[in-house]
Amino acid sequence: LFRSANCDSVVTLNLTVNPVVYGSQDVVICNNQLPYSWNGNSYNAAGTYTVTLTSAANCDSIVTLNLTVNPVVYGSQDITICNNQLPYSWNGNSYNAAGTYSVTLTSAANCDSVVTLNLTVNPVVFGSQDVVICNNQLPLVWNGNSYNVAGTYSVTLTSAANCDSVVTLNLTVNPVVYGSQIGRAHV
């Protein structure tokens, strides 16, 4: 109570208490987006972070950041093909030789996904075989085929690596020699 001029004064205080404002924000980012900047702070890892700010009513405002960091996904694929299957198409790219190739894709979490292709290319195998036979040994059966005359023949087989194997037969046919001998008897 205040007195002024020796009279009673009644003063009324209207006190308004503004509450502390609480809030939270859930943020999901990819690993390559770190550090993450939020309300003037920089964060280098996933976690729960709390900051005290000032609300519009000039009171404390406590805000919590729930930061989730999705990792970059790494993977690899080993592929073995035959030389005649080149170029090899993988993830929208074309490859003309054996090697290690990496591509960056988007993961299910919408982050980078780095996938490596280890491409092995088995060659076509070439070979030849020289065969000499006599005419009376015809036909010659070679790799499932029958040959009746001399010549050069190629067949495509499957190698141990499951690729083409081109083998050439060089067939020589010698004639049967006929002859007679006339002899004299010496007495």
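The values are calculated or read from the model by the stated rules, or taken from the named source; none is laboratory data. Here the structure is a predicted model, which means the values were calculated and not measured. Glycine gets a Cβ as well: all are built from the backbone with ideal geometry, and neighbour counts include every protein chain shown. These accessible areas exclude ligands, DNA and RNA; they are computed on the full protein's heavy atoms, side chains included. Shrake-Rupley method; radii C 1.70, N 1.55, O 1.52, S 1.80 Å.
Could you list all residues from region 158-173 that are among the aliphatic types (A, V, I, L, M) and modelled with pLDDT of 90 or more? Full working, then the answer.
We begin by selecting, within region 158-173, every residue among the aliphatic types (A, V, I, L, M); these are 160-161, 166-167, 169, 171, 173.
The answer is Val166, Val167, Leu169, Leu171, Val173.
Can you find even one residue in region 116-130 that is touching a residue at least 12 places away in the same chain (Cβ under 8 Å) and within 30 Å of Tyr178 (Cβ to Cβ)? Quick ask: steps written out before the conclusion?
Our first condition is that a residue be touching a residue at least 12 places away in the same chain (Cβ under 8 Å); within region 116-130, this holds for 116-130.
Those still in the list that are within 30 Å of Tyr178 (Cβ to Cβ) too: 129-130.
There is at least one residue in region 116-130 that is touching a residue at least 12 places away in the same chain (Cβ under 8 Å) and within 30 Å of Tyr178 (Cβ to Cβ).
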- Can you tell me how many residues in region 61-92 are more than 18 Å from Asn162 (Cβ to Cβ) and in a strand (DSSP E or B)? 17
- Query: Taking the stated definitions as given, is Ala45 open to solvent by less than 70 Å² (accessible area, probe 1.4 Å), free of Cβ contacts under 8 Å to residues at least 40 places away in the same chain and in a loop (DSSP other than H, G, I, E, B)?
  - Reply: yes
- Going through region 152-173 one residue at a time, which ones are part of a loop (DSSP other than H, G, I, E, B) and either touching a residue at least 12 places away in the same chain (Cβ under 8 Å) or among the acidic types (Asp, Glu) (or both)? Ser159, Ala161, Asn162, Cys163
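So that you can scan it fast, the table gives a plain yes or no per residue for (1) among the β-branched types (Val, Ile, Thr); (2) in contact with a Gly (Cβ under 7 Å, 6 or more places away or on another chain); (3) surrounded by 11 or more Cβ atoms within 10 Å (Cβ to Cβ):
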{"position": "Asp8", "(1), (2), (3)": "no, no, no"}
{"position": "Leu15", "(1), (2), (3)": "no, no, no"}
{"position": "Pro19", "(1), (2), (3)": "no, no, no"}
{"position": "Leu53", "(1), (2), (3)": "no, no, yes"}
{"position": "Asn70", "(1), (2), (3)": "no, no, yes"}
{"position": "Thr80", "(1), (2), (3)": "yes, no, yes"}
- Query: How many of the residues making up region 109-126 are polar (S, T, N, Q), more than 23 Å from Thr68 (Cβ to Cβ) and surrounded by fewer than 17 Cβ atoms within 10 Å (Cβ to Cβ)?
  - Reply: 3
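Identify, from the list Val176, Val149, Val121, the residue that is assigned to a strand (DSSP E or B) and among the β-branched types (Val, Ile, Thr). Show your work before the answer.
Details: Val176 fails: assigned to a strand (DSSP E or B); Val149 fails: assigned to a strand (DSSP E or B).
Selected residue: Val121, the only one of Val176, Val149, Val121 that is assigned to a strand (DSSP E or B) and among the β-branched types (Val, Ile, Thr).
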- Which numbered condition Tyr178 fails, given (1) modelled with pLDDT of 95 or more; (2) open to solvent by 90 Å² or more (accessible area, probe 1.4 Å); (3) hydroxyl-bearing (Ser, Thr, Tyr): (1)
- Scan of region 132-175 for residues that are under 45 Å from the mean Cα position of the chain (by Cα), more than 30 Å from Thr80 (Cα to Cα) and open to solvent by 90 Å² or more (accessible area, probe 1.4 Å), ordered by number: Thr152
- Item | The lone exception for Ser24 - which of (1) open to solvent by 50 Å² or more (accessible area, probe 1.4 Å); (2) in a strand (DSSP E or B); (3) closer than 30 Å to Val115 by Cα it fails | (3)
